[in-house]
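The values are calculated or read from the model by the stated rules, or taken from the named source; none is laboratory data. Here the structure is a predicted model, which means the values were calculated and not measured. For neighbour counting, all protein chains shown are included, and Cβ atoms are generated from backbone atoms with ideal geometry for every residue, glycine included. Surface areas here come from the heavy atoms of the whole protein model, side chains and all, with no ligands, DNA or RNA. Shrake-Rupley method; radii C 1.70, N 1.55, O 1.52, S 1.80 Å.
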Amino acid sequence: MQESRRERKKRETRQRIVSAAIALFEKQGYEQTTVTQIAAAADVDPKTFFNYFRTKDEVLFVDLERDFDVLAGAIADRRPAEGPGEVLARAVELYAAHRRPKVPVKEAEELAGVTRLALTTPALQAKGLYLLLDLQQRVTDELLKAFPGLDPVTAAAMTGALMGAIQQAGLASVRLGRSQEELWAAARHGVEVAMRGLLSVPPPTPGP
């Protein structure tokens, strides 16, 4: 029970910091907002902020790089009967199951605000692009390790098709003003659309 209360308080503090940061970013701009201001708005000490986030931009991209390990690990754990498309689909499903419970609940208006910030703030655009490209390269590399005979261009195209479908479906949902649950549903639909093409790629034939 004590551990449960402690974890709940940590989650509430993290959410308070995130909400305060987003509100300040929207009100006065990302570059103009300081960690000290975020901490004050969240009613925490600046040291507490750094207990949860290393930098200001991590408020919007928290734990993503560590969570990507789940996606890469799922691909590395390829099952014997799986083709490249099936491996990617299972990896995305495992990643979603791991990631979504950690994402604070946001109303549609807050989702739209976060999206606007990520798409219009140069520093956040750069960070988001770096994370996306790094993830795509990691996934492509893991796919080639799992399927040594797979053409590298095909592996890259499969990865791009899947990630692009998820990203664009999610963005469309946010722009339509839909809820967080509808955002998750849109991402799943993006996977389904991409899978129609991905499943057409057969496993490579083993060499002699």
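Cross-link partners for Lys145 among the aspartates and glutamates, with Cα-Cα distance under 16 Å and sequence neighbours closer than 8 places in the same chain left out: Asp69, Asp77, Glu82, Glu86.
Return the loop-located trypsin sites (Lys or Arg not before Pro) in the range 9-80 (DSSP other than H, G, I, E, B) with at most 12 other Cβ atoms within 10 Å of their own Cβ; answer none if there are none. Show your work: numbers first, answer last.
Numbers: sites: Lys9, Lys10, Arg11, Arg14, Arg16, Lys27, Lys47, Arg54, Lys56, Arg66, Arg78; in loops: Arg54, Lys56, Arg78.
Hits after loop and neighbour filter: Arg54.
Take the residue pairs Lys106/Lys127; Lys10/Lys127; Lys27/Lys102; Lys27/Lys127; Lys27/Lys56 and return only those whose Cα atoms are more than 19 Å apart. Where the Cα-Cα span goes over 19 Å, the pairs concerned are Lys106/Lys127; Lys10/Lys127; Lys27/Lys102; Lys27/Lys127.
Rolling a 1.4 Å probe across the protein heavy atoms gives the range 15-172 an accessible surface of 50 Å² per residue. Spin-label pair Ala40-Glu181: with each label point 7 Å from Cα along the Cα-Cβ axis, the two points sit 3.9 nm from one another. With the simple model of a label 7 Å out from the Cα in the direction of the Cβ, Leu64 to Ala97 spans 2.4 nm. With contacts taken as Cα pairs under 8 Å and at least 6 residues apart, the range 99-208 reaches a relative contact order of 31 percent. Over the chain, dividing the summed -39,500 (n - 2.57) contributions of all DSSP H runs of at least 4 residues by the number of residues returns a 222 nm mean residue ellipticity of -24500 deg cm²/dmol.
Over the chain, Cα pairs under 8 Å with separation of 6+ residues give a relative contact order of 21 percent. Along the range 142-158 the Karplus relation, 6.51 cos²θ - 1.76 cosθ + 1.60 evaluated at θ = phi - 60°, assigns HN-Hα couplings of 5, 5, 5, 5, 6, 10, x, x, 6, 5, x, 5, 5, 4, 5, 5, 5 Hz to successive residues, with x for each Gly and Pro. Distance between the 7 Å Cα→Cβ label points at Ser4 and Glu109: 3.4 nm.
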